[in-house]
Every structure is written in structure tokens, then in C-alpha cells.
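Novice: Just passing along the structure, written as C-alpha cells.
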Amino acid sequence: MPGHPRQAGPCSRECRGACDDSLWCGEGRVVEEFVMEPIPPYLFAFAVGELGFREVGPRTKIYSEAVPGVLDAAAKEFSGTEEMIKVVAHELAHSWTGNLITNKTNDHFWLNEVSQHMQRRIVEAVQGKERAALNIGIGWKLLVEDMERFKDNMEFTKLKTNQQGVDPDDVYSRVPYEKGFQFLWRIERQATNVPGIENHIDLKVWTEGTGIPPDAMEPASDIYAEIVSLANEFKVLALDARHRLSESKDYEVKVAFLQLAIASRCSNYYSEVEKTLKEVGRMQYLRPLYKALVQGTGKEEEKTFAKRVFSEACSCYHPIAQGVVEAILVKHT
């Protein structure tokens with residue numbers, strides 16, 4: 001996260017500095033010196049030891065310790081991950097949106113997440129319009145939930161934020177991702193009439209206004225509509241039998257389904273909820289599942305379940321994630 005650099009040093013993502021000085025060397029050659037200010041990278045990894053790899057695709061290799069059992073296990077862990085193409089697409093898109101072109105300050109962090117729009121266009125091209133629409137539908141649901149979360153301080157629903165004196169961990173949300181996506185999607189719908197586009201889209205309302213702008217569009221997805229309509233225990237079981245959502249390797253889809261199962265008090269899936277909470281560590285997935293378990297009345301069994309799972313899994317979570325989940329449990333149990 002931008003607020004938590006672990007190391008500052010020269011790396012491949014250094015910005016290009018302005019020319020500081022030059023020196024003529026004769027024979028028509030000149031040496032130019034550039035100012036290279038170190039910037040904090042958000043990912044710095046070292047692989048140390050005797051490493052081997054397994055090929056899992058025409059251009060993809062999985063590296064681990066050069067021990068057959070370990071290599072095989074590592075390769076198996078990444079098998080069937082085609083469903084997660086959106087994650088790969090998103091991170092690749094950051095080579096252009098976020099790295100090549102980025103925001104001057106974190107007040108416009110949403111510009112870094114233009115990748116969300118590019119990701120969904122790639123998913124649409126590779127996996128089809130219905131799969132992209134499902135991802136957009138889930139994103140819309142998350143955006144609406146964040147509007148409710150920040151209803152007492154709508155400043156945090158703006159794209160252009162003022163983070164002076166604000167801990168970014170306290171206000172992290174899907175707003176820059178999903179409201180930013182909606183903004184670009186709105187521009188895309190107007191792109192057939194580019195001249196005078198600013199007369200049709202109120203840029204200030206989108207970037208500096210609170211809430212969801214009136215010309216945002218709720219997506220249409222047959223699968224998403226079916227998921228929303230089947231919100232009771234019997235229908236949840238039928239839905240999973242039809243689409244095998246609980247087995248999805250796409251955690252956005254899986255977590256959305258498990259939230260539905262919890263809301264429907266469908267205890268058949270609580271073992272899958274526990275497994276998921278012990279396998280993943282991203283706040284994006286932890287927050288909604290823990291909140292689904294403990295929010296509301298008459299859920300003492302779920303609250304006890306949530307506290308037990310957290311006590312067993314918390315040592316594997318990042319300290320920031322630990323704090324977020326602890327705050328949820330303290331507030332609702």
C-alpha cells in the first residue's frame with residue numbers, strides 16, 4: 001500500500017529525473033547526469049537459495065526450492081487458475097496505469113486504479129461479456145456497501161480525496177476502484193461523441209462529488225441477477241449446484257457467494273467460510289466475510305464462530321488486517 005513502504009532504494013520503478021548537468025567529452029560526445037531520487041517501491045522481493053521451476057504454460061514458470069516434492073506442490077497450487085485472469089490482467093495493466101502514467105499525489109489515487117477498467121476490458125475479450133458483467137456487478141455491490149459504510153462522512157466517497165491527517169487504513173475502500181471504473185465506463189459510453197464531451201459529463205461531480213453520480217449505471221448480468229434473487233438457504237444450495245460458485249478460484253466471486261450463504265444462514269458453507277478465512281489475508285476479502293458473520297441480531301452462533309476462526313488464523317494475517325478484523329469483532333460482538 002502507498003502508506004506502508006517497506007524499503008526505499010533504487011529499483012526498476014524509479015522515476016526519470018531531470019537532467020542536472022552535462023559534460024562535453026570531445027569527439028562530439030556528451031555525458032549527461034540525471035538526478036535519480038529514490039522512491040519507495042510497493043513491492044520488493046528477494047528469492048534466495050537453490051531454485052528450480054516447473055513450466056505451467058507456454059510462457060509461465062513456477063519457481064520454488066529445487067526439491068521435486070516442493071516443486072510439484074507449487075505447480076499444483078497454480079493449476080486451474082485461469083479463473084484468476086482478472087488479477088493478472090489488473091497487475092499487467094498497472095504497467096501503463098499507475099507506473100507509466102500516475103497520480104501526482106495520493107489525493108487522486110483513483111487514477112492509479114484505472115487498471116480496474118482495463119482489467120474488465122481484458123476479461124471481456126478473453127472470457128466473454130457475461131463474465132465481465134458478473135465482475136462489474138460484484139463491484140457495484142461493493143461500491144453500494146461502501147456508500148453505506150461512509151454515510152456519516154461522505155467525504156470518503158469522493159474520487160478526489162483530502163487525506164490530510166487521515167490514516168489511509170481507516171478509510172480504505174473500493175471507492176477509487178469501483179467509482180473510478182464507473183466514471184471511465186460513463187466516458188466510454190459517451191466516446192462516440194468525443195467533441196464537447198465535457199458538456200455531457202460533469203467532471204467535477206464525478207471527481208469531487210460525494211456518493212454515486214446520477215449518470216452511473218448499474219450493470220446487467222444474468223448470473224449476478226440470479227445470485228441476488230436466490231437469497232435463501234434452499235435456493236443458495238441450488239445456485240451452487242448449478243454454478244459451483246463455492247469452488248471458484250476467483251475470490252471475488254467466491255466471497256460474494258459466501259456472503260450470500262451467511263446472510264441466508266446456510267450453515268452448509270460455514271466450513272468453506274472458515275477455510276477461506278484461513279487461506280486468504282487480503283482485507284478486501286476478510287472484511288466482508290467477518291462483517292457478514294457478526295453484523296445484525298440473533299447471530300450469536302456466527303459471532304462465536306467468527307471469534308474462534310480469527311483466534312486461529314490471526315497470526316497469519318498482516319498486522320494491518322489483524323487490526324481491521326479486531327475492530328469489526330469489538331464493534332459487533
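None of the figures in this text is laboratory data; all of them are computed from the coordinates on show. Remember, predicted model here, so these are calculated numbers, not experimental data. Backbone-built Cβ (ideal geometry, glycine too); neighbour counts: all protein chains shown.
Novice: Expected output is a single nm value to one decimal: the length gained when fully extending between Asp72 and Gln284, i.e. 0.36 nm times separation in residues minus the C-alpha distance. What is it?
Specialist: Result: 73.4 nm gained on full extension.
Novice: Provide the FRET efficiency to the nearest 0.05 for the Asn153-Lys61 pair, computing r from the beta carbons and using R0 = 51 Å.
Specialist: E between Asn153 and Lys61, to the nearest 0.05, is 0.65.
Novice: For segment 230-333, what does the alpha-carbon gyration tensor say about shape, rounded, prolate or oblate, given a ≥ b ≥ c as the root eigenvalues, a/c under 1.5 as rounded, and a/b over b/c as prolate?
Specialist: oblate
Novice: Here's something else I'd like to know. Compute the Rg/Rh shape ratio of segment 81-212: radius of gyration over Kirkwood radius, all on alpha-carbon atoms.
Specialist: Checking Rg against Rh, the ratio lands at 0.97.
Novice: How much length is gained if the chain between Arg242 and Ala220 is pulled fully straight, taking 0.36 nm per residue apart and subtracting their Cα-Cα distance, in nm to one decimal?
Specialist: Residue separation times 0.36 nm, minus the Cα-Cα distance, leaves 5.9 nm.
Novice: Then there is this: If one computes the Cα centroid of segment 155-182 and of segment 259-279, what distance in Å separates the two points?
Specialist: 29
Novice: Fewest Cβ neighbours within 10 Å first, please rank Lys299, Lys129 accordingly.
Specialist: If I rank by nearby Cβ atoms, fewest first, I get Lys129, Lys299.
Novice: Same structure, new question: Between His318 and Ile85, how many nm apart are label points set 7 Å from Cα along the C-beta direction?
Specialist: Modelled inter-label distance: 2.8 nm.
Novice: Considering only Cα-Cα distances, which of the following residue pairs are longer than 28 Å: Lys129/Lys331; Lys129/Lys303; Lys278/Lys299; Lys249/Lys291; Lys235/Lys303; Lys158/Lys275?
Specialist: Lys129/Lys331; Lys129/Lys303; Lys158/Lys275
Novice: Let me ask something additional. How much net charge surrounds Arg308 when only other residues with a Cβ under 15 Å from its Cβ are counted (Lys, Arg +1; Asp, Glu -1)? Mind showing how you got there, number by number?
Specialist: Working: positive: Lys275, Lys278, Lys299, Lys303, Lys307; negative: Glu274, Glu300, Glu301, Glu302, Glu312, Glu326.
Once all neighbours under 15 Å are counted, the net charge is -1.
Novice: Quick one: putting +1 on the C-beta of Lys and Arg, -1 on the C-beta of Asp and Glu, what dipole do you get for segment 230-333 around its Cα centre, in Debye to the nearest 20?
Specialist: 160
Novice: Need the full-extension length gain, Ala45 to Ala327, defined as separation in residues times 0.36 nm minus the C-alpha distance. One decimal, nm.
Specialist: Result: 98.5 nm gained on full extension.
Novice: Using the Cα centre of segment 81-212 as the reference point, and only Cβ charges (+1 on K/R, -1 on D/E), how large is the resulting charge dipole? Debye, rounded to the nearest 20.
Specialist: With Lys and Arg at +1 and Asp and Glu at -1, about 440 debye.
Novice: Here's another thing I want to ask about it. Measure off 7 Å from each Cα along the Cα-to-Cβ vector at Arg29 and Ser271, then give the distance between these two points in nanometres to one decimal.
Specialist: Placing both labels 7 Å along Cα→Cβ, they lie 7.1 nm apart.
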